[in-house]
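Visitor: Here it is, the structure, as structure tokens.
The values are calculated or read from the model by the stated rules, or taken from the named source; none is laboratory data. Since this is a predicted model, take the numbers as computed values, not measurements. Positions of Cβ are backbone-derived with ideal geometry, glycine not excepted, and every protein chain shown enters the neighbour counts. Note: areas computed on protein heavy atoms with side chains; ligands, DNA, RNA excluded. Shrake-Rupley method; radii C 1.70, N 1.55, O 1.52, S 1.80 Å.
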Amino acid sequence: MDLQVFIKCIQVLECSYDKFNITSDKTKLMLWYDMLGDRSEVEFMLGVKKYIAANEFPPTIAGINKAIADVMMSDAPDGMQGWDELQKAIRRFGMYREEEALASMSEQARLVTKAMGFKNLCISENQMADRAHFIKMFESRAVKEKDKVVLGGRLGTDIARLACSMKMLEG
């Protein structure tokens with residue numbers, strides 16, 4: 001995002017919170033820009049508006065990142081919706097058309113289904129335990145996905161690279 005556009009968005013926050021002042025301190029402004037400037041203009045402005053609508057206290061960088069993640073993940077299915085997707089796929093495609101069944105699901109539901117084993121879920125006799133396990137795995141993955149969005153593009157990429165290089169050093 002362009003610095004001038006970023007400053008205009010920050011000024012919206014300054015107008016909304018009396019004791020919030022970033023633009024007059026160049027060091028603070030550049031820190032905020034470094035931490036949030038890789039967001040798109042639309043993501044950032046929607047996150048700012050969501051923050052203003054939901055919070056009475058001045059924002060932090062983390063607060064704005066969480067608001068952006070909330071906006072971006074607002075239509076993500078929850079664990080029960082993922083389980084429903086799986087059940088519909090089993091009814092529609094049966095256990096022998098696994099590829100078609102998996103293709104019919106959202107990415108999150110597909111990944112959890114693959115981890116648990118599609119055929120195992122089809123023939124299982126303990127639906128209650130499977131559903132509980134599925135939902136727990138689904139929501140755990142959803143938290144990780146939201147954390148990636150909270151971190152933003154550049155910071156998330158830098159952290160992933162560091163983790164990869166650490167694994168290479170250990171191995």
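Visitor: Would you mind telling me the share, in percent, of accessible area of the chain contributed by carbon and sulfur at probe 1.4 angstrom?
Guide: Working: 6050 of 10940 Å².
That share works out to 55 percent.
Visitor: Towards the positive end of the charge dipole of the chain, with charges on Cβ (+1 Lys, Arg; -1 Asp, Glu), say which of 24, 35, 51 has the farthest Cα.
Guide: Result: 35, furthest along the dipole toward the positive end.
Visitor: Could you work out how far apart the two model spin labels at residue 106 and residue 38 are, taking each label as a point 7 Å from the Cα in the direction of the beta carbon, and quote it in nm?
Guide: Result: 2.6 nm between the two label points.
Visitor: Mean Kyte-Doolittle of at least 0.5 and a Cα length of 27 Å or more along the axis: which whole DSSP H helices of the chain meet both? Working shown, then result.
Guide: Numbers: long enough: 127-151 (36 Å, -0.42).
Length and hydropathy pass: none found.
Visitor: Students often get this wrong, so check it: of 66/114; 119/148; 50/148; 88/119; 28/50, which have C-alpha atoms separated by over 26 Å?
Guide: Values: 66/114 29 Å; 119/148 30 Å; 50/148 19 Å; 88/119 14 Å; 28/50 22 Å.
Over 26 Å apart, Cα to Cα: 66/114; 119/148.
Visitor: So between residue 125 and residue 92, what do we pick up on full extension, going 0.36 nm a residue minus the alpha carbon distance? Before the final figure, lay out each step's value.
Guide: Details: separation 33, 0.36 × 33 = 11.88 nm, distance 1.90 nm.
Extending this stretch completely gives an extra 10.0 nm.
Visitor: Give the residues of the range 95-116 whose amide nitrogen is closer than 17 Å to a point set 7 Å from the Cα of residue 84 in the direction of its Cβ.
Guide: 104-110
Visitor: I would also like to ask the following. What Kirkwood Rh does the range 1-133 have if only Cα atoms enter the pairwise 1/r average? Answer in Å. Mind dumping the intermediate values first?
Guide: Numbers: mean 1/r = 0.0562 Å⁻¹.
Over the range 1-133, the inverse of the mean reciprocal pair distance is 17.8 Å.
Visitor: Now a separate question. If r is the Cβ-Cβ distance from residue 27 to residue 145 and R0 is 25 Å, what FRET efficiency results, to the nearest 0.05?
Guide: On the way: r = 33 Å, r/R0 = 1.31.
Efficiency computed from Cβ-Cβ geometry: 0.15.
Visitor: So, one more: At 1.4 Å probe size, with every protein chain present, just tell me what the per residue accessible area of the range 27-148 comes to in Å².
Guide: Working: 7420 Å² over 122 residues.
For the range 27-148, the per-residue accessible area is 61 Å².
Visitor: Separate question: Give me the three principal axis extents of the range 108-147 from the C-alpha atoms, as integers in angstrom, largest value leading.
Guide: So the extents along the principal axes, rounded to whole Å, are 34, 17, 9.
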